[in-house]
Amino acid sequence: MSKAAAPLTNSPEFTVSELSSALKRTVEDTYGNVRVRGEISGFRGPHSSGHCYFSLKDESAKIEAVIWKGVHGRMRFKPQEGLEVIATGKLTTYPGSSKYQIVIEAIEPAGVGALMALMEERKRKLGAEGLFDEARKQLLPWLPEVIGVVTSPTGAVIRDILHRLEDRFPRRVLVWPVKVQGEGSAEQVAAAIHGFNALPEGGAIPRPDLLIVARGGGSLEDLWSFNEEIVVRAAAESMIPLISAVGHETDITLIDFAADKRAPTPTAAAEMAVPVRAELMVEISGFERRMMLCWQRGQESRRNELRAAARALPDLSELLAIPRQRLDGATASLPRALKANTHAHHRRFAQASAGLTLRVLRAQIAHATQRLTVSGERLSLSARALLRQRRDRFTGLEARLKASKLANAQAQRNAITRDRERALRLTERARRALTTLVQRQQARVQASSQLLGALSYRSVLARGFALVRDEQGAALHAAANVGAGARLSIEFADGRVDVTADGDRTAPAREAKPASPAAPKKATKIDQGSLF
Amino acid sequence: MAENTHADVKKLTFETAIEELESIVKRLEDGKVPLEESVAIYERGEALKRRCDELLRQAEARVDKITTDSNGKAVGTEPLDVQ
């Protein structure tokens, strides 16, 4: 019964894995080797793994592509974004995601147009960096000693170069053998250029003065190595002047722009490299001939000048005749001149001696005497004048002295008068002061005597008190001091009475004591006593 | 005598030598060189000419090929036989 349902589900059931594997087989079998044309898009790589990933696309479709590391390293044309290529490879899917992609084995630009576009693009880029600037160009040496040639060691190119050098000017040539096309050739050419530059000056291998990078004609693809950036940069960086000679006249590669000089062919490069030896030799001998001729001509003209000058020289005797004649004349007149000279001196002597007489001497003495007299007179005159002058001065001083003496005496008198008046005034004041003082003292004495009178014990006596004295006249103050039978004197206001005290009567001490300080009290007691 | 005086000429490059030779010829042609100097520069001219000749005769065609080590560095030369 289960079969009954089978027609409805006739197709077998696959697992996803089965289907994926089946598809993978189908795809890989059917498209194991395809060539596909498309534009590179979304180029990513080379990755750190070395693989490159991108898409190939045309107007309406797109397919993922991959280039494994090993394949990429071998590629002559490296894939580049936007480049239209024909890629050769196989299709594959991997079951993990069932996406298919093309694994590219080889890649080539799709036609000359694509290559040209790539080259233009690269030229623009490197040009923008200044690699092609005229200012970078070096001058070629006029006659290089050693020429380095970077090219294939076999083939027509090196032969052409060597032949042409041989014709013009044989030179030492160093050939750095390289592959000039195909895989790795760009790297080799660049390495050769760097290698020549790295040779030390004066080393075992002579360093070239000039480099020629050469290759014969070929298709654009054949010459492509010389468009590679690595080669162009090496040529631009070369410190040795470099001639590029790649392809035929019409072939242009990027190295031509970076080179210091571009030769249309390898043969032309050899011509640029060296001058023609034979021509140089002719030139040298021409110089030599000219130099000799000029020198000879110079010598000849000098000789002529010498001859002419010699002719112009006057005869020696002629030259001497005139001085000789002068000498003769001088010699003849010499004694005469001597005589004349002596004569002149003699005359001067005569004149002088004539003037030398006594009269002259006397006149001089007279003159001196006169001067002496005059001087004497002037001397006495001036002495008198001096005396008079002194006397005048003295008289003047005397008068001034007298006047000042008088003035001084007057002043002294005035001063004395003033002092005397002052003394008088002071005397008056002293007298008055003394009188006043005496009066004041008298007043004081009077006042004092009145006061004294008032205070005297006599006035007490006048009031009825009496003063008791002992035999010696001393005032007694206490009854204790009075012995029995003592002779006493009592003074009253109007006179004294001598008395004798009674015996053994003892005065009450109480009364006696307070009375003692004052005599009047005692006297009172005595009075009382005497009253009792 | 010229050999000693003009020892430096031996070291001149062809280009320098021929330039100097040319200038000597010009000066002599102008005819204004004093006698003594004219003799001297004539002798120098001779020496320069000999140097130029020598350099021209030296021209030897020797062609070598660079040999490189595994790193691509130049290590020596060997004759290159081009047929």
Can A:L319 be described as at pLDDT 85 or above and of a type in the set (A, V, I, L, M)?
-> no
With the condition kept exactly as written, say whether any residue in the stretch A:109-121 is more than 12 Å from chain B (Cβ to nearest Cβ), in contact (Cβ under 8 Å) with a residue 60 or more places away in the chain, among the charged types (D, E, K, R) and not in a loop (DSSP other than H, G, I, E, B).
-> no
Can you name the condition, by its number, that A:A245 falls short on among (1) touching a Lys or Arg at 6+ places or on another chain (Cβ under 9 Å); (2) within 23 Å of A:G113 (Cβ to Cβ)?
-> (2)
Filtering the stretch B:53-83 down to residues that are assigned to a loop (DSSP other than H, G, I, E, B) and under 21 Å from A:A191 (Cβ atoms), which residue is farthest from the other protein chains (Cβ to nearest Cβ)?
-> B:S70
Could you grab me the full set of residues in the stretch A:95-146 that are of a type in the set (V, I, T) and touching a Ser or Thr at 6+ places or on another chain (Cβ under 9 Å)?
-> A:I102, A:V103, A:I104, A:I107, A:V112
Could you grab me the full set of residues in the stretch A:199-240 that are among the hydroxyl-bearing types (S, T, Y) and touching a Leu at 6+ places or on another chain (Cβ under 7 Å)?
-> A:S238
Note on the stretch A:195-206: residues in contact with a strand residue (DSSP E or B) (Cβ under 7 Å, 6 or more places away or on another chain) and in contact (Cβ under 8 Å) with a residue 40 or more places away in the chain are A:F196, A:P206
Under 30 Å from B:V33 (Cβ atoms) and either out of contact with any strand residue (DSSP E or B) (no Cβ under 7 Å at 6 or more places or on another chain) or among the basic types (K, R) (or both), is that true of A:R362?
-> no
Could you please let me know if B:R44 is surrounded by 13 or more Cβ atoms within 10 Å (Cβ to Cβ) and either more than 10 Å from chain A (Cβ to nearest Cβ) or closer than 16 Å to A:C294 by Cα (or both)?
-> yes
Filter the stretch A:444-467 for residues that are small (G, A, S) and modelled with pLDDT under 85; the one that is surrounded by the fewest Cβ atoms within 10 Å (Cβ to Cβ) is A:A454
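The values are calculated or read from the model by the stated rules, or taken from the named source; none is laboratory data. The model shown is predicted, which means the values in this text are computed figures rather than measured ones. A quick note on method: Cβ atoms are made from the backbone with ideal geometry, for glycine too, and the neighbour counts reach across all protein chains shown.
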